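Enquirer: Quick one: the structure is below, questions incoming.
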Amino acid sequence: EWEAIAPGAVLLPGAVLDRADRLLREVERIAALSPFRILTTPGGGRMSAAMTSAGPLGWHSDRRGYRYVTADPLTERPWPPMPPLFAEIARDCAASAGYDGFRPQIALINRYVPGARMGLHQDRDEAALEAPIVSISLGLPARFLFGGLSRHEPIRRFDLLHGDAVVWGGPSRLAFHGVATIRAGDHPATGACRINLTFRRVT
Ligand code: MD3
Ligand code: FE
């Protein structure tokens, strides 16, 4: 049913399998308004996952830094609204993990094609560090890397599969984490890609 993978972090295998197709349709609607784009890092590199957002804020990165912004810099329009289905799923998953009353403010959506990865990092651009983050994996599997509160602590690896949810709160909220290079494959729900949604409170 669920598995504690670290203090405050709970894996809910297959928790959203029955709602995966509806989630993917909402992702398509969002991406039609605010397309997936590959962002530049402050150091001038290019990220390998493509990203978009929904809700009153979206995550953005360029030469000036990492930050949340109220308008999509690509379209110069507000980010698409967060669908009620997202809020409902995020609340359900958080409650299953022991975080009652979670109301996500935004959804950050990552799209990985084979060869894409995400290096080890902390999520600390949110002022609301007391709120957990709920993550949902869809499509191709990922090898998830989970470290500690400093870069030097040992890294554990977990496979995240289509329909899995993970809730990251409490002592795990500032843990280092990343995604190993996605391997080639073809998934019936997404084709040759992996979609990750993270539901967050920012402010
Ligand atoms: C642990 N995304 O968007 S989801 C990210 O699969 C991000 O796309 C990865 O890292 C992905 O920032 C990992 C799992 C995840 C998300 C946020 C966390 C794990 C986390 C925040 C704190 C600790
Ligand atoms: Fe992250």
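The values are calculated or read from the model by the stated rules, or taken from the named source; none is laboratory data. Only a predicted model underlies this, so the values are computations on that prediction, with no experimental measurement involved. Because the Cβ atoms are built from the backbone with ideal geometry, glycine has one as well, and the counts that use them run over all protein chains shown.
Enquirer: Can you confirm whether ILE38 is in contact (Cβ under 8 Å) with a residue 60 or more places away in the chain and either under 14 Å from the mean Cα position of the chain (by Cα) or closer than 22 Å to ARG194 by Cβ (or both)?
Expert: The answer is no for ILE38.
Enquirer: Among all residue pairs at least 6 apart or on different chains, which show Cβ distances below 6 Å where the first residue, located in the range 10-21, is of a type in the set (Gly, Ala, Ser) and the second is modelled with pLDDT of 95 or more and assigned to a helix (DSSP H, G or I)?
Expert: ALA15/CYS93
Enquirer: Another question, if that's okay. Counting residues that are surrounded by 17 or more Cβ atoms within 10 Å (Cβ to Cβ), which strands (runs of 3 or more DSSP E) fully inside the range 36-90 reach at least 2?
Expert: The strands (runs of 3 or more DSSP E) meeting that bar are 50-54, 58-62.
Enquirer: If you don't mind, there's one more thing I want to ask. Does the range 97-110 contain at least one residue that is charged (D, E, K, R) and touching a helix residue (DSSP H, G or I) at 6+ places or on another chain (Cβ under 8 Å)?
Expert: Yes, there is a match, as at least one residue in the range 97-110 is charged (D, E, K, R) and touching a helix residue (DSSP H, G or I) at 6+ places or on another chain (Cβ under 8 Å).
Enquirer: Would you list the strands (runs of 3 or more DSSP E) that sit entirely within the range 92-196 and hold 2 or more residues that are touching a residue at least 12 places away in the same chain (Cβ under 8 Å) and within 13 Å of ligand 2 (Cβ to nearest atom)?
Expert: 106-112, 118-121, 133-139, 142-146, 165-168, 177-179
Enquirer: Determine whether GLY147 is farther than 17 Å from LEU23 by Cα, within 10 Å of ligand 1 (Cβ to nearest atom), touching an Asp or Glu at 6+ places or on another chain (Cβ under 8 Å) and of a type outside the set (A, V, I, L, M).
Expert: The answer is yes for GLY147.
Enquirer: For the range 37-71, name all the residues that are aliphatic (A, V, I, L, M) and within 18 Å of ARG124 (Cα to Cα).
Expert: Result: LEU39, MET47, MET51, LEU57, VAL69.
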